[in-house]
1. Give the order of 85, 230 when sorted by the count of other beta carbons within 10 angstrom, beginning with the fewest.
2. Which three numbers, in whole Å and largest first, are the semi-axes of the equivalent ellipsoid of the range 207-253 derived from its Cα gyration tensor as √(5λ)?
3. With +1 on each Lys and Arg Cβ and -1 on each Asp and Glu Cβ, and nothing else charged, work out how big the dipole of the range 39-156 is about its Cα centre, in Debye to the nearest 20.
4. Using alpha-carbon positions, what is the distance between the centroids of the range 429-485 and the range 40-84, in Å?
5. Which length gain, in nm to one decimal place, applies between residue 176 and residue 406 when the Cα-Cα distance is subtracted from 0.36 nm times their residue separation?
6. Taking neighbour Cβ counts within 10 Å as the exposure measure, how do 310, 185 sort from fewest upward?
7. About its Cα centre, what dipole magnitude does the chain give when the only charges are +1 on Lys and Arg Cβ and -1 on Asp and Glu Cβ, stated in debye to the nearest 20?
8. Only helical DSSP H runs with n ≥ 4 go in: add -39500 (n - 2.57) per run for the chain, normalise by residue count and round the 222 nm mean residue ellipticity to 500 deg cm²/dmol.
Amino acid sequence: MDPAAATGSPTRASPGSTLAIRRIGIDTYRENVAYLHRDCPLYRAEGFQALSKISVHANGRRILATLNVVDDPSIVGCEELGLSEDAFVQLGVEDGHTASVWHAEQPASIAALNRKIAGERLGQDDYTAIIADIATHQYTKIELTAFVVSTHRNELDREEVYFLTRAMVQSGRRLDWHAGLVVDKHCIGGIPGNRTSMLVVPIVTEHGLLCPKTSSRAITSPAGTADTMEVLARVELGLEQLRDIVRSQRGCVAWGGTADLSPADDVLIAVERPLGIDSPGQMVASILSKKLAAGSSHLLLDIPIGPSAKVRNMAQAQRLRRLFEYVAARIGLQLEVVITDGRQPIGQGIGPVLEARDVMRVLHNDPLAPADLREKALRLAGRMIEWSPGVRGGQGLEIAREILSSGRALTRMNAIIAAQGATDFDYRQPALGTHAFDVRATTAGVVTGINNLRLARIAGLAGAPKVKTAGVDLVCRLGQAVAPGDVLYRVYAAYPADAAFAHQASDAASGYTIGAPADVPRVLTEF
């Protein structure tokens, strides 16, 4: 369904409701915002209020938008309707085109939302209606927040998670690769530098598996897979181009936002992440709906655990695993779960360019390649290869290791990069932010803790992922002995202000704990 062509009808016609559209260069991030001048005759006559929802019609298309009222005629005049970047793109008309403005009707699913806010259990029809309205931008940010908070506070039971997952799949496209075995790998997140997907894809596709990897961009983290892949190649691919690449290369690493896969998920994530909400039910529905919509038949799920990971202990990991397995079985997705080491970042770099450098070092079998990134990627790829007919359990790791060490994975990755549209990135001499500083140990001892959240925060303040050359380059790892003055990590920023923000944050708390060898947290994994 086209999100710009939302369903419903205006309440009544309004005399003098036709205004000239003015494109206001404001990025409102996945929210349609409209602007009226306070002295606009329409505003005065029709009782519109700031933050009310309005319906905008132009050239046979309609969008809903949240109204903002302005007093400065240089922003929007009395005979104009200002539109934010998101709203302007969705409406799809030229600057100056006329539009009619109406009071918007309340979405039909609001009654179900109110019942969820009250703590009631909802059924499949309720979630289908709510998600359909969210996907077509019928909800304001306030209403979206109410849904996210209510489903978090009144935690969903496993049937509700299944209902929500189905509704999210139905809200957008569903790809069909006409193949019996379509594989994917996903991590629940929270571990900086964990770019195993960019290694798994060329390894398993070189083996012959079909792996169309549609990945996300970062919202609050210093890099998503799509942000890092964009250092190497174009990731914003049209659906037909994506299909052509997968047909020729057996896989891709692309941004999923252009494919309209589970579109309500992207809208909800924009609300969840700033609130710091990542409830198990919402996480399961988000991940599994995307994978099913992308046409996957088999999914390998990575749940890292550690003191500063999303999942802190084995008991939490096992509860989450059971929920994933229940919903995956109900929707017909074959799922394997691995529980991995999330005590510290994976790889050396945090930030798009630094992470792309690490990936290419592994693919080139470079002596400087981070061993933990290499080994984790090989183990994940090995598990996926064992889905192949004729590959026995335990053989996958050696097959994956041979594909990587022989250079075949690099050849496949270079072919995927070329098909998507290569950049001129050189992993041997990557361009990094010119404003750099070191964070050093202040005491002697052993590194007993590395806070994933704190290092992600520092890398973000340095500019990542918007500034691809920014980030954090790790020098010391867990268990490593340090002396006062030893470099723990280096921070890169492209602008003095970003460097100052990151410096202030690292001075307040470096993210490293120095102690005795016995204090290093033990590994809890079930690979």
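Here, each number is a calculation from the coordinates, and none is a lab measurement. Given the structure is predicted, the values throughout are model-derived calculations rather than measurements. Using ideal geometry, Cβ is built from the backbone for each residue, glycine included, and neighbour counts are taken over all protein chains shown.
1. Working: 85 16, 230 24.
Lowest count first: 85, 230.
2. On the way: eigenvalues 91, 27, 15 Å².
Gyration-tensor ellipsoid for the range 207-253: 21, 12, 9 Å.
3. Numbers: 9 positive and 17 negative charges, 115 e Å.
Computed charge dipole of the range 39-156: roughly 560 debye.
4. For the range 429-485 versus the range 40-84, the Cα centre distance is 47 Å.
5. Numbers: separation 230, 0.36 × 230 = 82.80 nm, distance 3.25 nm.
Result for the pair: 79.6 nm of gain on full extension.
6. 310, 185
7. Numbers: 55 positive and 57 negative charges, 245 e Å.
It works out to roughly 1180 debye.
8. Working: 18 runs with 207 residues, N = 527.
Mean residue ellipticity, 222 nm, calculated: -12000 deg cm²/dmol.
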